[in-house]
Amino acid sequence: MRLGRKSARHAKDLESEGATMGALPFVAGKSSNAALAVDEPAIDLVHLARKTLGDPSLEAEMLEAFGFRATLLMLRMQQAALSGIGAAAQALNDSARNIGAWRVALAAEAVKLAAESGAEPELLQAVDQLRIVVKNARAAIAEFLRTD
């Protein structure tokens, strides 16, 4: 799951040529495990390049901020009541969409829905899934930052 600097710098060119870079499409409604396919990249580099106008230092800054925020919000979810878990999941969803971490966004949406329903087994399963995709995104971000 490598995020090379060359990939990010040329993301706009690839997008204009029709390459998808493996980005997940937006999925409305409930998130499913099928939407969290393991073979999809952790970060949509085309989206990230679009958000940063291809500025490598801004890409790194946004990714670092996301990694910190994701860690903070996951800790907050562990200590919160249902409404707090839903709010933290929504904040993580928003942050993930900002950098193109679609799997994190979908998993966070699943946590939010489970928290709203009050179904504890589903909530625990959704939080476990979110923990896995956040860990994978953070690993991809760390690798990306090392190659910078």
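What follows draws every value from the coordinates through simple rules; no lab data is involved. The model shown is predicted, which means the values in this text are computed figures rather than measured ones. Note: ideal-geometry Cβ built from the backbone for every residue, glycine included; neighbour counts use all protein chains shown.
Mind listing the phi-derived Karplus ³J(HN,Hα) values for segment 90-107, rounded to whole Hz, using 6.51, -1.76 and 1.60 with θ = phi - 60°, and x for any glycine or proline?
Values per residue, Gly and Pro as x: 5, 5, 5, 4, 4, 5, 5, 5, 5, 9, x, 8, 5, 5, 5, 4, 5, 5 Hz.
At a Förster distance of 22 Å, what's the computed FRET efficiency of Arg146 paired with Leu75, Cβ-Cβ distance as r, to 0.05? Don't skip to the answer; put the middle values down first.
Numbers: r = 24 Å, r/R0 = 1.11.
Efficiency, from the Cβ-Cβ distance: 0.35.
Quote to one decimal, in nm, the extra length available between Glu64 and Glu116 on full extension: 0.36 nm per residue of separation minus the C-alpha distance between them.
The span from Glu64 to Glu116 would gain 15.8 nm if fully extended.
Using 0.36 nm per residue of separation minus the Cα-Cα distance, give me the extension gain between Lys51 and Arg131 in nm, one decimal. Don't skip to the end; give the middle numbers.
Values: separation 80, 0.36 × 80 = 28.80 nm, distance 2.51 nm.
Once the chain is fully extended between Lys51 and Arg131, it gains 26.3 nm.
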